[in-house]
Amino acid sequence: MRTAALALLMLFAAGCAGGPSITDVAAAGISVGGVDSRVVTGAAKTVAALSTHIETGDEIRLGRAAAARILGRYGRWGDAKRTEYVNLVGQGLVQSVGREDLTYYFALLNTDEVVALSSPGGYVFISRGALRLIKNEAELAAVLAHEIAHINERHVLREIEKRYVVDAAAGTAWAAASSDSATIGAIRMGGPAFTKLADFAVGVVFKGYNRKQESAADKAAVEYLYRVGYDPGGMRRFVQAAQAHGRDKGKPKPGGLLSTHPVHRTRITDLRRQVNAMGGRGGRPALKKRYMSSTRPLQ
């Protein structure tokens, strides 16, 4: 599985370095289905959007295109030792909490910004800067678990499904907030329609999620840590460290783990309350020594 992940990342890197274009890497197509035929006007748009559902295969194709854009922005950090370690931690998580219909990939971003991002279909990214800030494996697992939760909860896809309405009988995807439209056939073949959806998806990732979605990812991450056996307090500790880092460096960059999260004090309180409600740390390890030996020194 690790070999497959690294091979895919090499494909991404080739696209970002002048090889296949992002459109080529993305492959062709996304289909959207499950909406009754209706006149898409007024309140009907909202009703139809709630019924729209992007299927798994199309999620993967769309997520691959968004992942290529993420790598195009930051670049891939090709440190083999640390890539292997992050993949081992990530794959250990998804064996217990991952969706059975997805294969998850983990990659390092070549930036000192404290960034953690994910795209639909199972693509998870963490930056060199975030690894430097993290103090133990439980905190690393918390960051990865938070991004896995965004994928599992389909947060990017939900934003697309709210934005785009499908008239299945006419074979047309309508942009609910504008007059733009594109046929489903064109979306399946790629081209401008597919590019628009991929751009919209990565825009959601970079801009950040709403507070409800971020709170849901926080809650899921703590549950994931507890289920796998890590110290569930790792989520709270990383959030505190990242918030302090953001204050020291100025306003955090848009998008990712810190962009539109709940108010800091409320978020920390909620995380502490959740861990206590689950029985506290309960002897679960943070694994500081293993993290340090696998990631330090960071250049």
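Here, each number is a calculation from the coordinates, and none is a lab measurement. If you're wondering where the values come from, they're calculated on a predicted model, not measured in any experiment. Note that each Cβ is placed from the backbone with ideal geometry, even for glycine, and that neighbours are counted across all protein chains shown.
Roughly how many debye, to the nearest 20, is the charge dipole of segment 49-130 about its Cα centre, given +1 on each Lys and Arg Cβ, -1 on each Asp and Glu Cβ, and no other charges?
Once rounded to the nearest 20, the dipole reads 280 debye.
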Next item on the list: Tell me the label-point distance for the pair K219, D112, using the 7 Å Cα-to-Cβ offset, in nm and rounded to one decimal.
Entry: 3.8 nm
Next item on the list: Mind listing the long-range amide H neighbours of L109? Cut-off is under 5 Å, sequence gap 5 or more, other chains count too, H placed in the peptide plane at 1.01 Å from N.
Entry: W77, I126, S127, R128
